[in-house]
Amino acid sequence: MALEYRYRTVDFRPAPDGWRTAWITRDGLAVMPMPGWLVQEEVEDDDQHTDDGRPTGHRNVVAGRIEDNGIEPIDYTTDREFWLILGPGEAEPTSDEVAIETSRRYSDGRLKGLLSAVPCPTCAEDSHYVSKLDRYIHLDGSENSSCWLAISRGATRTGESS
């Protein structure tokens with residue numbers, strides 16, 4: 001008889017006003033109030049599910065979302081539309097941040113619709129500076145880790161150091 005492990009919700013803690021979840025869909029950004037946090041415990045079952053499971057002593061606290069049948073945990077590993085949790089007073093993502101995340105998820109890697117393109121200081125490719133990340137992102141979706149490493153060392157495309 002094989003053992004299976006799963007989580008079951010054992011408690012709910014309401015979130016204070018201002019907690020929200022942000023979702024990226026093909027239609028853009030959706031920000032919704034977050035009802036609270038679910039406390040879940042891991043249980044082990046036999047493969048016949050003949051009992052309610054035996055607690056293993058491991059617990060998780062996960063964000064909840066409102067579903068038709070109540071409050072369900074957000075599954076960060078399988079729900080492709082979930083993006084992030086915003087705390088009270090935290091600003092919603094900017095339209096440029098939404099465009100970058102949408103592109104990362106749904107396009108061929110090219111960032112479209114960003115009006116504020118500037119040359120990358122290292123390679124001169126069209127890029128966008130994302131202040132939250134404190135780095136430039138290439139608009140064509142190309143790898144730019146070597147550029148931001150060079151920038152962090154103070155190197156520019158002209159070879160000068162700052």
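Does residue 124 count as farther than 24 Å from residue 23 by Cβ, assigned to a loop (DSSP other than H, G, I, E, B) and at pLDDT below 85? Step through it out loud before you land on a result.
Details: farther than 24 Å from residue 23 by Cβ: yes; assigned to a loop (DSSP other than H, G, I, E, B): yes; at pLDDT below 85: yes.
It is true that residue 124 is farther than 24 Å from residue 23 by Cβ, assigned to a loop (DSSP other than H, G, I, E, B) and at pLDDT below 85.
Which of the residues belonging to the stretch 133-162 are modelled with pLDDT under 75 and in a strand (DSSP E or B)? Selection gives 135, 161.
Conditions (1) at pLDDT 75 or above; (2) open to solvent by 50 Å² or more (accessible area, probe 1.4 Å), marked per residue:
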position: 73; (1), (2): yes, no
position: 90; (1), (2): yes, yes
position: 105; (1), (2): no, no
position: 131; (1), (2): no, yes
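Of the residues making up the stretch 1-60, those that are under 25 Å from residue 95 (Cα atoms) and modelled with pLDDT under 90 are 24, 25, 26, 27, 28.
Confirm whether residue 78 is modelled with pLDDT of 70 or more, open to solvent by less than 70 Å² (accessible area, probe 1.4 Å) and of a type in the set (Ser, Thr, Tyr). Full working, then the answer.
Details: modelled with pLDDT of 70 or more: yes; open to solvent by less than 70 Å² (accessible area, probe 1.4 Å): no; of a type in the set (Ser, Thr, Tyr): yes.
Taking the combined requirement at face value, the residue does not satisfy it.
Here the strands (runs of 3 or more DSSP E) wholly within the stretch 1-72 that include at least 3 residues being in contact (Cβ under 8 Å) with a residue 12 or more places away in the chain, within 30 Å of residue 97 (Cβ to Cβ) and in contact with a Ser or Thr (Cβ under 8 Å, 6 or more places away or on another chain) are 28-33. Evaluated against (1) within 24 Å of the chain's Cα centre (by Cα); (2) at positive phi, residue 57 falls short on exactly one condition, (1). Residue pairs whose Cβ atoms lie under 7 Å apart, separated by 6 or more positions or on different chains, with the first residue in the stretch 124-135 and more than 9 Å from residue 96 (Cβ to Cβ) and hydrophobic (A, V, I, L, M, F, W, C) and the second assigned to a loop (DSSP other than H, G, I, E, B) and modelled with pLDDT under 70, are 124/157.
The values are calculated or read from the model by the stated rules, or taken from the named source; none is laboratory data. The structure presented is a predicted model; accordingly, all values stated were derived computationally and were not measured. Please note: Cβ atoms are built from the backbone with ideal geometry, for glycine as well, and neighbour counts cover all protein chains shown. Keep in mind that these areas ignore ligands, DNA and RNA; they rest on the heavy atoms of the full protein, side chains included. Shrake-Rupley method; radii C 1.70, N 1.55, O 1.52, S 1.80 Å.
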